[in-house]
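So the structure is just underneath, and the comments pick up after that.
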Amino acid sequence: MGPANAASPGSPGSPGSLLDVRDLTVVFRQRGRADVRAVDGVSFSVSPGETVGLVGESGCGKSVTSLAIMGLLPKRGVHVTGGVAFDGTDLLALPPDKLRALRGRELAVVFQDPMTSLNPVVPIGTQVTEVLTRHRGLGNGEARREAADLLRRVGIPDPSRRLREYPHQLSGGMRQRALIAAALACRPRLLIADEPTTALDVTIQAQILELLRTLVAESGTALVLITHDLGVVAGMCDTVHVMYAGRIVERAPRYDLFASPRHPYTGGLLASVPRLDQPRGVRLEPIKGSPRDTIPWARGCAFAPRCPNRVEACTPDAPDLEGGRHALRCVNPLPSDSPEAKVVHP
Amino acid sequence: MSASTGPSRPDPPERGATSGSPESDPLRGSPEAGQGNGPAPSGEPLLSVRGLKVHFPVRRGVLLQRVAGHVRAVDGVDLDVARGMTYGLVGESGCGKSTLGKAVLRLVEPTAGTVLFNGADLGGQSPERMRRLRRHMQMVFQDPLASLDPRQSVESVLTEPLRAHGFTGDRSRRVRELLDLVGLPSGAAGRYPHEFSGGQRQRIGIARAIALNPELIIADEPVSALDVSIQAQIVNLLEDLQEQLGLTYVVVAHDLAVVRHVSDVIGVMYLGALVEEAPSDALYAQPLHPYTIALMSAIPIPDPEVEERRRRILLVGDLPSPVDVPPGCRFHTRCPFRRPTRCADEVPALRETRPGRKVACHWAEEIAAGAVRAAAGAHDPAATEVGTPSS
């Protein structure tokens, strides 16, 4: 990971990509209610050794995207269309048993809340070794040794004791590390980390992010990092996709995105978070309204009701995502040298 | 509520209701007030905490419930909060910052120590007097949905404190006034908490807190449950209200960037104790305590260029249990600057190293001067090994 990868735009269909998501759409259908398009035509790709970020606030569809890729959405009432190609195999078309064989072995996912992802009545050790016996066919003793080794590598002290413990006996940071250990057990080629550090304290977050960085750099794992935290994105991702109301509204290599955010939503997000390195007394500039104040994309840009740059052309036709390296879904973007992009260092 | 406390404060509506009776408010210098202090001179801190401890007993056994130890949630904290200022309390989960906030208001009973509010000792107050005093000190909670009764309309939420404290004025006018102050339409009065978004609910929680014109507001993680784009709205609202109403804040939060933005003075807590206290600009410019140094280096900054250049000091391991606080310096088990002498056996006092700056570290000066450095492998040793599985 690093600046060298910044040249890879992460746009769909780029050569050598491991995961290719095309036009992914997830519609939730409930009788008597209007359909909810949680994910609406999302496309992106990830290459080995690359970290791609999906950023957005709650309800923007970033987590549903990850569940759809992993085939973890319920079948009833959920309509998934588009394509998810993993190393040339369309995951959406794969029969459940084939997908199960792939999941945990080639692709793995780490969710935000380790307490709900781990089974509370099964010892940590069993949950980690399960992956090893199932996918790598290791014997019990061998799997046990390997599991202890994995826990040690993710920074859990005294791993053989921890293997016998239950999830509630571990701290939050340790549970998350155990979960990462289980995800890494089969050395997956693709890891989806969905808010992996949101429930953790910053010092533990720093440990986990370092772990993920090393994993990408040394094993060439392709990482999809889903987060709401722009700071985490700035330090981790080669390419960043900003999502709003189910669609990608801006996509850029991280240096471009942070140096010159073009979509008013991206600019608004950056202007509304206080920065540790910014002089005090700078008043924050919130985005007005709340993520609830959106209009369906069918009636124009979903961000228009909150947008400071709103013009006539924002409705009724929603703009397309246009551009190469730095792609944008906006008819009246921020100037490329906008003041929001200028960062004041003390 | 003397006239000097808030020059720009709108006429406190409850004044007419209570000013007649001397015993109604111990802070007015009535004989019963705390230690018998008169109204504090305005130069005195509004809030003064000394040696505050909150220990929770850990019980073992089924029948006898033997006390097997104590969770030392707050373990001897001294701090002063000046009038009209914002004191930020930061630290990670389990450091005792929320318990400290609650102990100040006696929402949890302190085990030891004193809390002086306006010169009056809150420890000596009867429950009824404490109830009346709480009018002057209010709390804003993290999760606005959990702290609002789902079956209570906004009007009812906001009139309850007015009723409880004998407000005799026009209640519905006051409710409209409050809604206006926190930026909600007056039509909100008849609606219920679930009809609002998270940010709006937090506005309701803030309106409830300021309903009685308090002097002190303790805000416990006021923005951490909110979406990023909404956090800034609430931060700005808190700043505006402080200016308009002359409020004094104690903001308890884990997000150092937010705390630094709103606070004049910041106290950094670790395992129940303050390890550093400094004006917020100075703290960022040069953190003195190793824990503060590590904490700040761990906070991601939304700027890739800054992120690339930064030197991260990764702490090893987890927070020790507050039941078994390490001897000596409570941070020494994780400290990257740990020395072979003093750290493990001598408790460092929170001492003033220069005016306005306090730090509880034996080696703060040496660390600041670069004479004592972080251990060479001051990053997680395990992290470098991962991803290259053996076997």
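The values are calculated or read from the model by the stated rules, or taken from the named source; none is laboratory data. Model, not experiment: these values are computed from the prediction. All Cβ positions, glycine included, derive from the backbone under ideal geometry; neighbour counts span all protein chains shown.
Please verify whether the range B:336-351 includes one or more residues that are within 14 Å of another protein chain (Cβ to nearest Cβ) and modelled with pLDDT of 85 or more.
Yes, there is a match, as at least one residue in the range B:336-351 is within 14 Å of another protein chain (Cβ to nearest Cβ) and modelled with pLDDT of 85 or more.
Only one of B:359, B:323 is β-branched (Val, Ile, Thr) and either under 15 Å from residue A:206 (Cβ atoms) or surrounded by 15 or more Cβ atoms within 10 Å (Cβ to Cβ) (or both). Can you tell me which?
Values: B:323 fails: either under 15 Å from residue A:206 (Cβ atoms) or surrounded by 15 or more Cβ atoms within 10 Å (Cβ to Cβ) (or both).
After ruling out the rest, the residue left standing is B:359.
Suppose we filter B:89, B:52 for residues that are over 24 Å from residue B:257 (Cα atoms) and in contact (Cβ under 8 Å) with a residue 40 or more places away in the chain; which single one remains?
Values: B:89 fails: over 24 Å from residue B:257 (Cα atoms).
Unique residue meeting the criteria: B:52.
In contact with a Pro (Cβ under 9 Å, 6 or more places away or on another chain) and within 12 Å of chain B (Cβ to nearest Cβ): does that describe residue A:252?
yes
Report yes if residue B:45 is part of a loop (DSSP other than H, G, I, E, B), over 15 Å from the mean Cα position of the chain (by Cα), at pLDDT 90 or above and more than 28 Å from residue B:166 (Cβ to Cβ), otherwise no.
yes
Taking residue A:261 and the conditions (1) part of a loop (DSSP other than H, G, I, E, B); (2) within 9 Å of chain B (Cβ to nearest Cβ); (3) under 21 Å from the mean Cα position of the chain (by Cα), which numbered condition does it fall short on, given that it satisfies the others?
(2)
Can you work out which of the residues in the range A:148-161 that are more than 26 Å from the chain's Cα centre (by Cα), within 12 Å of chain B (Cβ to nearest Cβ) and not acidic (Asp, Glu) is surrounded by the fewest Cβ atoms within 10 Å (Cβ to Cβ)?
A:157
Among (1) in a helix (DSSP H, G or I); (2) of a type outside the set (S, T, N, Q); (3) without any contact (Cβ under 8 Å) to a residue 40 or more places away in the chain; (4) within 30 Å of residue A:152 (Cβ to Cβ), where does residue B:294 come up short?
Of everything listed in (1) in a helix (DSSP H, G or I); (2) of a type outside the set (S, T, N, Q); (3) without any contact (Cβ under 8 Å) to a residue 40 or more places away in the chain; (4) within 30 Å of residue A:152 (Cβ to Cβ), residue B:294 misses just condition (3).
List pairs: first in the range A:262-280 and within 15 Å of residue B:227 (Cα to Cα) and touching a residue at least 40 places away in the same chain (Cβ under 8 Å), second aromatic (Phe, Trp, Tyr) and surrounded by 21 or more Cβ atoms within 10 Å (Cβ to Cβ), Cβ under 7 Å, 6+ apart or cross-chain?
From residues that are within 15 Å of residue B:227 (Cα to Cα) and touching a residue at least 40 places away in the same chain (Cβ under 8 Å), the pairs are A:265/A:244; A:265/A:303.
Working only within the range B:297-321, note down all residues that are under 21 Å from residue A:156 (Cβ atoms) and more than 7 Å from every other protein chain (Cβ to nearest Cβ).
B:313, B:316, B:319, B:320, B:321 - these are the residues of the range B:297-321 that are under 21 Å from residue A:156 (Cβ atoms) and more than 7 Å from every other protein chain (Cβ to nearest Cβ).
Provide a single number: the residues in the range A:23-65 that are hydroxyl-bearing (Ser, Thr, Tyr), surrounded by 21 or more Cβ atoms within 10 Å (Cβ to Cβ) and part of a helix (DSSP H, G or I).
The total comes to 1.
One line per residue, one yes/no per condition, for (1) closer than 24 Å to residue A:65 by Cα; (2) touching a Phe, Trp or Tyr at 6+ places or on another chain (Cβ under 9 Å); (3) part of a helix (DSSP H, G or I):
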position	(1), (2), (3)
A:212	yes, no, yes
A:218	no, no, yes
A:224	yes, yes, no
A:269	yes, no, yes
A:286	no, no, no
A:294	yes, yes, no
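Of all the residues that make up the range A:296-315, how many are outside any loop (DSSP other than H, G, I, E, B), small (Gly, Ala, Ser) and buried (at least 19 other Cβ atoms within 10 Å of the Cβ)?
1
Out of the residues in the range A:90-114 that are exposed (fewer than 15 other Cβ atoms within 10 Å of the Cβ) and among the aliphatic types (A, V, I, L, M), state the one that is farthest from residue A:190 (Cα to Cα).
A:93
How many residues does the range B:155-166 contain that are closer than 21 Å to residue B:241 by Cβ, out of contact with any Asp or Glu (no Cβ under 9 Å at 6 or more places or on another chain) and among the hydrophobic types (A, V, I, L, M, F, W, C)?
1
Looking at B:262, B:251, B:228, B:223, can you tell me which residue is within 26 Å of residue B:203 (Cα to Cα), within 13 Å of another protein chain (Cβ to nearest Cβ) and surrounded by fewer than 24 Cβ atoms within 10 Å (Cβ to Cβ)?
Values: B:262 fails: surrounded by fewer than 24 Cβ atoms within 10 Å (Cβ to Cβ); B:251 fails: surrounded by fewer than 24 Cβ atoms within 10 Å (Cβ to Cβ); B:223 fails: surrounded by fewer than 24 Cβ atoms within 10 Å (Cβ to Cβ).
Criteria check complete, one pass: B:228.
Output yes when any residue across the range A:323-337 is at pLDDT below 85 and closer than 30 Å to residue B:310 by Cα, and no when none is.
Looking through the range A:323-337, at least one residue is at pLDDT below 85 and closer than 30 Å to residue B:310 by Cα.
Could you list, in sequence order, the residues of the range A:177-217 that are at pLDDT 90 or above and at positive phi?
Of everything in the range A:177-217, just one residue is at pLDDT 90 or above and at positive phi, namely A:195.
Out of A:281, A:289, A:268, I need the residue that is crowded, with 16+ Cβ neighbours inside 10 Å, within 11 Å of chain B (Cβ to nearest Cβ) and at pLDDT below 90. Which one?
It is A:289.
Residue by residue through the range B:113-161, note down the ones that are within 25 Å of residue B:55 (Cα to Cα), basic (Lys, Arg) and free of Cβ contacts under 8 Å to residues at least 60 places away in the same chain.
Answer for the range B:113-161, where residues must be within 25 Å of residue B:55 (Cα to Cα), basic (Lys, Arg) and free of Cβ contacts under 8 Å to residues at least 60 places away in the same chain: B:131, B:134.
Determine which member of the set B:14, B:92 is modelled with pLDDT under 95, closer than 30 Å to residue B:352 by Cβ and touching a Phe, Trp or Tyr at 6+ places or on another chain (Cβ under 9 Å).
B:92
Does residue A:318 fit the bill of being out of contact with any Leu (no Cβ under 8 Å at 6 or more places or on another chain) and hydrophobic (A, V, I, L, M, F, W, C)?
Answer is yes for this residue.
In contact with a Leu (Cβ under 6 Å, 6 or more places away or on another chain) and either within 23 Å of residue B:257 (Cα to Cα) or assigned to a loop (DSSP other than H, G, I, E, B) (or both), is that true of residue A:275?
No; evaluated as a whole, the condition is false for this residue.
Select from the range A:201-222 the residues that are facing chain B (nearest Cβ under 7 Å), surrounded by fewer than 22 Cβ atoms within 10 Å (Cβ to Cβ) and among the charged types (D, E, K, R) and list them in ascending order.
A:210, A:218 - these are the residues of the range A:201-222 that are facing chain B (nearest Cβ under 7 Å), surrounded by fewer than 22 Cβ atoms within 10 Å (Cβ to Cβ) and among the charged types (D, E, K, R).
Please verify whether the range A:110-124 includes one or more residues that are in a helix (DSSP H, G or I) and hydroxyl-bearing (Ser, Thr, Tyr).
Yes, the range A:110-124 contains at least one residue that is in a helix (DSSP H, G or I) and hydroxyl-bearing (Ser, Thr, Tyr).
Across the range B:297-326, what is the number of residues that are touching a helix residue (DSSP H, G or I) at 6+ places or on another chain (Cβ under 7 Å) and not in a helix (DSSP H, G or I)?
Residues in the range B:297-326 being touching a helix residue (DSSP H, G or I) at 6+ places or on another chain (Cβ under 7 Å) and not in a helix (DSSP H, G or I): 12 in total.
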